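Colleague: Attaching a single structure in structure tokens format; questions to follow.
Only the coordinates and a few stated rules stand behind these numbers; no lab work does. Fair warning: this is a prediction, and the values are worked out from it, not measured in the lab. Please note: Cβ atoms are built from the backbone with ideal geometry, for glycine as well, and neighbour counts cover all protein chains shown.
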Amino acid sequence: MMEERQKEKKLRVINLGIQMFCDALTEQGVRCTQIKWHPPVKQDAEIEELLDEFL
Amino acid sequence: MKKLYCFKNRYVDSVMLMNVGEQISRFPGVNGAECGMGTPANIDLLTGLGYDVPPETGKNDLMLAIDADASQQNELYRQAVDLLDHRKTVSDRTYYDLNEIDLNSDPYDLVQISLPGEFAADEIEKALRMGLDCFVFSDNVSLEDERRLKLLGKELGRLVMGPDAGVGLIDGVALAAGSIVKDGPVGIIGASGSGAQEVACLLERMGEGVSCIIGTGGRDLTPQVGGLTMLMALERLGKDPKTKVICLVSKLADVGVMEKVLDAAEKIEKPVAAVFLGAPESLFDGRKVRGAFSLEDAAVQTLSLLRGEPVLPPGRTEAQLEELAAEMVAKLSPERKYFRGLYCGGTFTEEAMILFSRYIPQVSLYSNLRTRYAAQLEDHHVSRGHTVLDLGAEDFTAEAPHPVFDPVLRLNRLKQELADPHVGVVLLDFITGPGVHRDPVMPFVPLIREHRDICFIATVCGAQGDPQDVEEARKALAEAGCIVADSNAQSARLAAHMMTLLERRG
């Protein structure tokens, strides 16, 4: 379906989230890379203001 | 000895957490093990179980709770950390963010996203700007973000499959909870995951295969989103040389958007069949697109377009279903007069209710869903009369993992239903695929075998290529005394015939 690619090539996937979905793709012979994702750290508004002043 | 280990700022997805807890619990001598993020609900649960949770624990922290002998604690902790660190990836590089990837030196075609909804939108945007299609399993992405991102995808020529897309099949590769259906000429575009999967698996059983399944997400056909993904997918499949026939699968959607999609489908120079479950037949009046009224019918109509001749669905005829219904009802004792549908596929639940309302409009139904086909249960934990439950709906999955990933929620509910002396018929759906539970059927078999005084009707929606042995699963169910229907529609029609007879019996 990926129109730009030769049909004999396998899909290459980046997985963000549930590890089991990445494992399921790897098991199908797909090149799948799991991103070691972490939630963005939320800065305290006060700290952000102080940082802005400093930087 | 109960010991709690806290990992600061450590994110692990919920399915992995569940697996770690389950695997540690299985070690000999372990009284219990839990693994979860530090949400208020999880903290309450662990405190209630007698664990000492540090007061500074927050929702970004991971908690591992182990109840075992003190001498075992270190080894179990080490085992759990190994499980949590396990990363089966082919790539030799480690990335912490999509933006770190240089596609020139490390190329990819697709990004699959199943992060919590609040974080998904930013990652979808990054992926689209990198020039990649996105498959988004995450739900709880706002409708505004969905529209904005799909418009961005359109501008960049990239597909946003989802949010809330449960099933996909691209280049023969099953995504998320999808099945590995054999290759073939049918392209499926589904706004309903289990619906698209059922059509694809039925086509396989009838001897055909699919070129792809593009999941659009359940809200694609709302007026706000306007079918952006379905329209783009239609255009792609129109040009795809492997796709000879297209099948559109959705629940009932906004009339204006359905009309727009049908208009676009008619401009494609390939035959198109469509099902919008619950839509009136008049929607297809004067249309070139072949209308279908159940998922089974969609598979049949699609195949008929492909072969240019009428096609019959697999399984029992209507007369055989009626005969079987009479035989089963005759075996039920008079007090066993209610049926309970315990579904894990959302579309299967809805399709069953639509068929019940058509076949037996006189029968009152109850459901946890807010729908025009049934009265809503006051408490979704307690069934009444004839009840149809979508156990994959948020009311249930807020309390336990989705039943396609972990059968415990449905097993417990089944035990509850079986304790009710008025329950006579139980309907179950099973879904297979590489991304779901490895043995969805077997945990239910002993319960079915033990209750020969109740009639069980089940379907197994899966493909021959799935890691679970679909035929073996059907055989195990049949041997336990369960009637295995060939499609969800047949399961519902059989139940409807039984209900008619049960109602007549009073």
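Colleague: Give me the Kirkwood hydrodynamic radius of the stretch A:12-54 in Å, from all C-alpha pairs, to one decimal place?
Modeller: Over the stretch A:12-54, the inverse of the mean reciprocal pair distance is 12.9 Å.
Colleague: Follow-up question, since we're still on this one. Based on the Kirkwood radius over alpha-carbon pairs, what is the Stokes-Einstein translational diffusion coefficient of the stretch B:91-164 at 25 °C with 0.890 mPa s viscosity, in µm²/s?
Modeller: It diffuses with D of about 197 µm²/s by this estimate.
Colleague: What's the long-distance tail for the stretch B:417-506, i.e. % of Cα pairs beyond 16 Å?
Modeller: Percent of Cα pairs beyond 16 Å in the stretch B:417-506: 55.
Colleague: Also: Which value, in nm² and rounded to one decimal, describes the direction-averaged projected area of the C-alpha convex hull of the stretch B:300-345?
Modeller: Approximately 5.2 nm², given one-decimal rounding.
Colleague: Okay, next question. Among A:Leu25, B:Leu4, B:Leu277, which comes first, second and so on when ranked by fewest other beta-carbon atoms within 10 Å?
Modeller: Neighbour counts put them in this order, fewest first: B:Leu4, B:Leu277, A:Leu25.
Colleague: If N is the number of residues in the protein assembly as shown, what value comes out of its Cα radius of gyration divided by 2.2 N^0.38 Å?
Modeller: In units of the 2.2 N^0.38 Å rule of thumb, it is 0.99.
Colleague: I would also like to ask the following. Treating the Cα atoms of the stretch B:318-505 as identical point scatterers in vacuum, please give the log10 of the normalised Debye intensity I(q)/I(0) at q = 0.10, 0.13 Å⁻¹, two decimals.
Modeller: Taken in order of the listed q values, log10 I(q)/I(0) reads -0.35, -0.61.
Colleague: While we're looking at this one, here's another question. With the cut-off at 24 Å, tell me which of the pairs B:Lys150/B:Lys239; B:Lys150/B:Lys182; A:Lys36/B:Lys2; B:Lys251/B:Lys415; B:Lys126/B:Lys239; B:Lys59/B:Lys150 have Cα atoms farther apart than that.
Modeller: Over 24 Å Cα-Cα: B:Lys150/B:Lys182; A:Lys36/B:Lys2; B:Lys251/B:Lys415; B:Lys126/B:Lys239; B:Lys59/B:Lys150.
Colleague: Whole Å is fine, so just give me how far the alpha carbon centre of the stretch B:292-316 lies from that of the stretch B:117-152.
Modeller: What the calculation gives is 35 Å, centre to centre.
Colleague: Using alpha-carbon positions, what is the distance between the centroids of the stretch B:178-250 and the stretch B:39-56, in Å?
Modeller: 44 Å
Colleague: Within chain B, what's the longest stretch lacking GluC sites (Glu not before Pro) that sit in DSSP loops with no more than 10 other Cβ atoms inside 10 Å?
Modeller: B:57-268
Colleague: Under 13 Å from the Cβ of B:Phe27, count the other residues' Cβ atoms, weight Lys and Arg +1, Asp and Glu -1, and hand me the total.
Modeller: Net charge around B:Phe27: -3.
Colleague: Take the eigenvalues of the Cα gyration tensor for chain B, scale each by 5, and report the square roots as semi-axes in whole Å, largest first.
Modeller: Equivalent-ellipsoid dimensions as semi-axes: 36, 33, 20 Å.
Colleague: Once you have the alpha carbon radius of gyration of the stretch B:2-85, what is it after dividing by 2.2 N^0.38 Å, with N set to its residue count?
Modeller: The stretch B:2-85 yields a ratio of 0.98.
Colleague: How many percent of DSSP beta bridges within chain B run antiparallel, rounded to 5?
Modeller: If we restrict to bridges inside chain B, about 25 percent are antiparallel.
Colleague: Could I ask something else about it? Averaging sequence separations of C-alpha pairs under 8 Å and six or more residues apart, then dividing by the length of chain B, give the relative contact order as a whole percent.
Modeller: Value for chain B: 11 percent.
Colleague: Across every pair of different alpha-carbon atoms, what Kirkwood hydrodynamic radius in Å does the stretch B:238-333 reach?
Modeller: 15.2 Å
Colleague: Please compute the Kirkwood hydrodynamic radius over the stretch B:206-263, one decimal place, Å, based on all pairs of different Cα atoms.
Modeller: 12.2 Å
Colleague: Helix-only mean residue ellipticity at 222 nm, chain B, DSSP H runs n ≥ 4 weighted -39,500 (n - 2.57), per residue, nearest 500. What is it?
Modeller: Result for chain B: -11500 deg cm²/dmol, rounded to the nearest 500.
Colleague: Now, a different point. If contacts are Cα pairs under 8 angstrom and at least 6 residues apart, what is the relative contact order of the stretch B:318-505 in percent?
Modeller: For the stretch B:318-505, the relative contact order is 28 percent.
Colleague: What is the order of B:Asp85, B:Asp145, fewest Cβ neighbours within 10 Å to most?
Modeller: Going from least to most buried by this count: B:Asp85, B:Asp145.
Colleague: Average projected area of the Cα convex hull of the stretch B:168-248, in nm²?
Modeller: Directional mean of the projected Cα hull area for the stretch B:168-248 stands at 4.7 nm².
Colleague: How charged is the neighbourhood of B:Leu64? Take every other residue with its Cβ under 11 Å from the Cβ of B:Leu64, and add Lys/Arg as +1 and Asp/Glu as -1.
Modeller: Net of charged neighbours comes to 0.
Colleague: Right, something else. Which three lengths, in whole Å and largest first, does the stretch B:376-435 cover when its Cα atoms are put on their principal axes?
Modeller: 37, 22, 16
Colleague: Add +1 for every Lys or Arg and -1 for every Asp or Glu among the other residues with Cβ under 13 Å from the Cβ of B:Leu321, and state the total.
Modeller: Net of charged neighbours comes to -4.
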